[in-house]
1. Please find, within segment 135-153, the residue that is surrounded by the most Cβ atoms within 10 Å (Cβ to Cβ) out of those that are acidic (Asp, Glu) and either in a helix (DSSP H, G or I) or in contact (Cβ under 8 Å) with a residue 60 or more places away in the chain (or both).
2. Could you please find all residues in segment 188-207 being out of contact with any Lys or Arg (no Cβ under 8 Å at 6 or more places or on another chain), away from ligand 2 (no atom under 16 Å from the Cβ) and either more than 30 Å from ARG167 (Cα to Cα) or outside any helix (DSSP H, G or I) (or both)?
3. Which one of ALA310, ALA275, ALA329 is within 16 Å of ligand 2 (Cβ to nearest atom), in a loop (DSSP other than H, G, I, E, B) and among the hydrophobic types (A, V, I, L, M, F, W, C)?
4. If I ask for residues that are within 16 Å of ligand 1 (Cβ to nearest atom) and assigned to a loop (DSSP other than H, G, I, E, B), which ones from segment 216-245 would you list?
5. Somewhere in segment 308-326, is a residue among the acidic types (Asp, Glu) and within 23 Å of ASN68 (Cβ to Cβ)?
6. Give PHE342, PHE302 a once-over and let me know the one that is within 22 Å of the chain's Cα centre (by Cα), of a type outside the set (D, E, K, R) and at positive phi.
7. Select from segment 106-130 the residues that are touching a Cys at 6+ places or on another chain (Cβ under 7 Å) and either buried (at least 21 other Cβ atoms within 10 Å of the Cβ) or in contact (Cβ under 8 Å) with a residue 40 or more places away in the chain (or both) and list them in ascending order.
8. Which strands (runs of 3 or more DSSP E) does segment 1-55 wholly contain that include 1 or more residues that are touching a residue at least 24 places away in the same chain (Cβ under 8 Å) and within 16 Å of ligand 2 (Cβ to nearest atom)?
Amino acid sequence: MPPNQQITELTLPLFDDFHLHLRAGNALKRTVSDASFWARRAIVMPNLQPPVDNFDLADNYRADIIKNIPAGRNFEALMTLYLSENIKTDTVKQAKERGIFAIKWYPKGATTNSEQGISSVQACYPIFAEMEKRGVPLLIHGEVTDTDIDIFEREAVFIDRVLIPLRRDFPALQITLEHITTARAVEYLLSIPEAEKTAATITPQHLLFNRNQLLVGGIKPHFYCLPILKCETDRKALLQAATSGNPRFFLGTDSAPHAQHKKENSCGCAGCYSAWNAPALYAQAFEEAGALDKLENFACKFGADFYDIATENYERVLKISREENTIPANLDYAEDKLIPLFAENKLNWQIKKN
Ligand code: NCD
Ligand code: ZN
Ligand code: ZN
């Protein structure tokens, strides 16, 4: 591959997005259309209201998603269940045959729609044991919620206090630490034995931005997500990890739309909407690291291998072209407006399809 500056176009298979919020109802028109333009599969997060915590809700949700896939596109929604009080060991036993891909644990109060999450890790132990036995992956929003822990420390403290003991108690459980944001998380992922089934997803915002983007020169609510953007050292560590070719790190956008008025609010919601152009955002980050050649495995292979859903011979239909362009100021979102990540700013890359 030529040096990064000389690369004018990448022609890649459609991506797998292993962490995506599509929301529900009228929002699906926007979210499913945007994501299916560049993704062929996505793990769909279950933090709706009410949470997707039984098979019927998951089936209905999948059917709604499918109805919103534009004609001519292939898009597979990999459905998850939300770990609430309603999840029993019996649910885990049937999960695979009922078409459930994974179970998502939101510690209670950690993020958007996590009120029905479970606060005590001990209370989840019977569920985790069954998941380990049945090979059902556990996806984790890895932040503690203790009021005395600083918001910037919540991921690192989660790793030390919750994840490390959990790993020790369930050595064969498949775990994905979602949307990692810290050098500590990278260091942890690099420290574990090769055979261990732990991986991490990384978002475009955590590769491109640090907390200055959120807080310097005025508060910028559209850069507010959870876990919150961290400092430059953390961003650099994430960029290094994502572009290193280590298969433990793979793509999960965490694209999480909230209507404009819910973000521009005295108590604004957490979440960045990147589904509009995620491949271009990742290309921008990988270019900065001089590692455009590492994007394909990060976006199309490592996650699929980890979840054992790799397929051969998929077509290369996604073109990411070097073409300066400005991200739109807003997008239609049901009866509201949605501000895409990095709105009104310039990017070097643009996505197109063959
Ligand atoms: C997500 C959302 O809005 O659903 N928000 C976010 O800031 N990441 C929830 C989540 O993934 O934590
Ligand atoms: Zn989360
Ligand atoms: Zn998320």
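None of the figures in this text is laboratory data; all of them are computed from the coordinates on show. What you see is a predicted model, and the numbers here were worked out from it, not measured in a lab. Here the Cβ positions follow ideal geometry from the backbone for every residue, glycine too, while neighbour counts run over all protein chains shown.
1. Initially, segment 135-153 is screened for residues acidic (Asp, Glu), giving 143, 146, 148, 150, 153.
Subset that is either in a helix (DSSP H, G or I) or in contact (Cβ under 8 Å) with a residue 60 or more places away in the chain (or both): 143, 153.
Values: GLU143: 27, GLU153: 15.
In this case the residue turns out to be GLU143.
2. Residues satisfying the conditions are PRO193, GLU194, ALA195, LYS197.
3. ALA275
4. Of everything in segment 216-245, those that are within 16 Å of ligand 1 (Cβ to nearest atom) and assigned to a loop (DSSP other than H, G, I, E, B) turn out to be ILE219, LYS220, TYR224, CYS225, LEU226, PRO227, ILE228, LEU229, LYS230.
5. Going residue by residue through segment 308-326, those that are among the acidic types (Asp, Glu) are 308, 312, 315, 323-324.
Remaining after also requiring within 23 Å of ASN68 (Cβ to Cβ): 315.
Within segment 308-326, one or more residues are among the acidic types (Asp, Glu) and within 23 Å of ASN68 (Cβ to Cβ).
6. Numbers: PHE302 fails: at positive phi.
Sole residue among the options that is within 22 Å of the chain's Cα centre (by Cα), of a type outside the set (D, E, K, R) and at positive phi: PHE342.
7. Scanning segment 106-130 gives a single hit, THR112.
8. 15-20, 39-44
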